[in-house]
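The structure under discussion appears below in the form of structure tokens.
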Amino acid sequence: MNAASLQIEDVAKSYRNQSGELVALSSCSIEIAPEELHVIVGPSGCGKTTLLNAVAGFQGIDGGLIRLGGETLCTAERPAEPGADRVVVFQHSTLFPWRTVLDNVTYGPVIQGRRSRAEARSLARERLSQAGLAGLEDRYPAELSSGAQRRVEIVRALVNEPRVLLLDEPFRGMDQITRDLMHEALLELYDRARPTVLFITHDIEEAVFLGSRVTAMSARPGRVKATIEIDLPRPREAGLRASARFNELLADVLSLVHDEASRAFVAGDREAA
Amino acid sequence: MSRGAILRGALGILAFLALWELGARLDAPIVGVLPGPADVASSFAGLVGSGGYWESWLASGERVLWGFVAAMSVGVPFGLLLAINQRAKALLFPPFEILRPIPPLAWVPLSILFWPTQNLSIEFVIFLGAFYTVVLNVVGGAEQIDRRHVLVARSLGAGTWTVYRRVILPATLPSIATGAVVGMGITWEVVVAAELISGGGGANDGGGLGFLLWNAYQGGAIAQVIVCMISLGVAGYASSVVVRVLSERLMPWKEAR
């Protein structure tokens with residue numbers, strides 16, 4: 001695995017619209033160590049997706065610097081190009097509906113020319129079966145449950161051995177039971193491969209259960225409020241949610257985020273993605 | 001389809017034929033001028049034996065095929081270009097939109113001037129008929145592609161060309177298929193009219209079903225006209241079935257739901 005560190009230094013970004021300038025991010029700094037599962041949690045409009053898009057290379061930034069593995073990834077002058085070293089998993093399934101599960105998973109390695117089709121296929125089969133998805137290889141995504149689709153998508157990302165895996169609210173909109181199962185499935189994949197992960201969510205419980213560290217962000221402008229170390233041992237299992245330490249940490253993060261959310265709520269800001 | 005549904009369908013067709021026969025015999029208004037289905041059937045039996053009938057099928061079928069293939073092979077890349085490249089769209093879409101409302105048949109005189117042979121002229125008119133529909137469907141489909149598929153492909157390491165070939169093209173396939181089915185329907189409408197106008201090269205030269213139809217009318221052989229009408233219906237239906245089956249083959253994921 002080539003998990004890399006990710007350093008976000010003093011990043012700023014604003015959008016212009018009819019009502020003027022909207023500051024999405026302002027002097028935002030986060031340091032993520034190699035193999036860390038770092039969760040950014042914050043209310044809608046705190047700029048967390050903007051940050052992830054900048055790392056992914058989908059969007060530029062106005063100021064600051066992002067480093068990947070110590071090397072400059074992007075600055076205001078030089079935006080990053082998207083690349084397989086920073087694979088993104090989005091909120092809704094982006095599996096290619098016209099490819100089977102197996103062909104979805106082999107897509108990255110094959111088009112990058114990193115592996116022959118045969119190699120990629122045997123690797124994909126192995127990874128799919130590790131994720132409990134054996135037997136689904138020749139199905140099309142539309143035939144899968146949303147939970148299975150999500151897992152295939154995470155496997156599709158991990159098979160590229162990205163230097164950082166970017167997860168943009170991947171379990172949003174799932175029912176609580178499926179979501180809990182997805183958390184365990186993700187952690188199992190994480191423990192096996194130990195990639196660097198940047199995980200974005202507005203769900204505090206999700207953040208604490210998954211994260212090695214959790215960064216809470218404030219909205220308008222998007223700023224880092226604080227980063228909390230989640231000192232829960234791994235591997236983590238569902239029972240952890242009932243533990244005293246989990247609930248202490250939950251309360252800590254909650255109080256951080258809640259101040260912010262209620263401030264924005266009172267101010268009556270329109271929600272923005 | 002259940003057996004009951006097939007039975008009811010057959011019953012409907014039989015009732016239709018019986019009413020037609022009755023109307024023809026009793027000199028009912030409108031229908032009375034026609035020969036009954038029995039006469040049509042015997043006219044068909046006569047035609048089947050003659051080489052000209054099948055040559056007409058072949059002649060029209062070939063024109064439709066080439067016009068359609070030309071419309072697809074020019075229309076799909078052209079539509080993709082318009083959808084992907086804003087500059088190309090700004091440049092090419094206005095003349096396209098000006099030419100589009102001109103009915104394909106209005107092109108017959110120019111088409112005869114453009115091309116050295118009768119066949120090519122007819123095929124060109126057929127091409128025009130299908131081309132606009134194919135292009136509009138491709139543009140519409142390609143513009144509605146889920147943008148996240150493009151983003152995720154790039155994030156997985158795809159370059160521009162790979163994105164076109166492996167994401168935009170397959171994502172547009174359903175719209176291309178719709179364009180193909182609708183376009184195929186138009187080709188049969190156009191081929192008949194084009195053959196009527198141009199004479200299709202004469203009866204002995206495989207004038208086509210449209211020509212055969214008009215020829216029969218001028219000779220007063222109404223039963224033969226009806227045989228041609230039914231033949232055209234069958235031909236049009238068969239070609240859309242072929243297009244639909246081919247497109248389903250190309251899109252196995254569409255059944256996977």
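List of remarks:
- Ranked by how many other Cβ atoms sit within 10 Å of their own Cβ, fewest first, the residues B:73, A:44 fall in the order B:73, A:44.
- Compactness relative to 2.2 N^0.38 Å, alpha carbon Rg of the protein assembly as shown: 1.34
- Under the criterion of Cα pairs below 8 Å and six or more residues apart, the relative contact order for the range A:138-273 equals 20 percent.
- Springs join every pair of Cα atoms under 10 Å in this Gaussian network model of chain B, and among B:224, B:118, B:86 the largest mean-square fluctuation is at B:86.
- Leading residue at positive end of dipole, the range B:135-201 (Cβ point charges), from B:196, B:176, B:156: B:156
- In plain terms, the chain from residue A:18 to residue A:146 could stretch by 42.3 nm, reckoned as 0.36 nm per residue minus the Cα-Cα distance.
- For chain A, the mean residue ellipticity at 222 nm estimated from helices alone is -11500 deg cm²/dmol, where every DSSP H run of n ≥ 4 contributes -39500 (n - 2.57) and the total is divided by all residues, rounded to the nearest 500.
- The range A:144-258: translational diffusion in µm²/s, Stokes-Einstein, Kirkwood Rh over Cα pairs, 37 °C, 0.692 mPa s: 220
- Whole-number percent relative contact order across chain A, with pairs defined as alpha carbons under 8 Å at least 6 apart: 27
- Projecting the Cα atoms of B:211, B:94, B:144 onto the charge dipole of the range B:75-224 (Cβ charges, centred on the Cα centre) puts B:144 farthest toward the positive pole.
- Backbone N under 14 Å from the residue B:244 label point (7 Å along Cα→Cβ), restricted to the range B:1-45: B:1
- Calculated FRET efficiency for the pair residue A:262/residue A:2, C-beta based, R₀ 25 Å, to 0.05: 0.05
- Least to most buried among A:209, B:93, B:44, B:211 (fewest other Cβ within 10 Å first): B:93, B:44, A:209, B:211
- Sorted largest first, extent of the range B:28-187 alpha carbons per principal axis (Å): 68, 35, 35
- Placing a label point 7 Å from the Cα of residue A:241 along the Cα-to-Cβ line, the residues of the range A:198-229 whose backbone N sits under 14 Å from it are A:203-210.
- Of B:156, B:169, B:246, the one that fluctuates the most in a GNM where chain B has Cα springs shorter than 10 Å: B:156
- Computed over the range A:56-100, relative contact order equals 36 percent, with contacts defined as Cα pairs under 8 Å that lie 6+ residues apart.
- A P(r) calculated from all alpha carbon pairs of chain A, with 5 Å bins opening at zero, reads 1, 6, 13, 16, 18, 17, 13, 9, 5, 2, 0, 0 percent.
- Alpha carbon centroid spacing (whole Å) that separates the range B:18-39 from the range A:185-242: 81
- Computed FRET value (nearest 0.05) for residue B:182 with residue A:172, which takes r as the C-beta separation and R₀ as 35 Å: 0.35
- Distance (nanometres) between label positions extended 7 Å along Cα→Cβ at residue A:77 and residue B:222: 8.7
- Chain B - mean residue ellipticity at 222 nm from DSSP helices (-39,500 (n - 2.57) per run, n ≥ 4, rounded to 500): -26000 deg cm²/dmol
- Using θ = phi - 60° and Karplus 6.51 cos²θ - 1.76 cosθ + 1.60, couplings along the range A:232-246 (whole Hz; Gly, Pro as x): 8, x, 10, x, 9, 10, 3, x, 4, 4, 8, 6, 5, 4, 4
- Degrees, to the nearest 10: A:176-193 long Cα axis against longest axis of chain A: 70
- Cα-only Debye scattering, the range B:147-200: base-10 log of I(q)/I(0) at q = 0.19, 0.32 Å⁻¹: -0.69, -1.09
- For chain A, a Gaussian network of Cα nodes joined below 10 Å ranks A:235, A:170, A:221 by mean-square fluctuation, and the top entry is A:235.
- Nearby aspartates and glutamates by direct alpha-carbon distance to residue A:225 (threshold 18 angstrom, same-chain neighbours under 8 apart not counted): A:9, A:10, A:31, A:203, A:205, A:252, A:259, A:260
Only the coordinates and a few stated rules stand behind these numbers; no lab work does. In this text the structure is predicted, and so the values were computed from the model without any measurement. Reconstructed Cβ throughout: ideal geometry from the backbone, glycine too, with neighbour counts over all protein chains shown.
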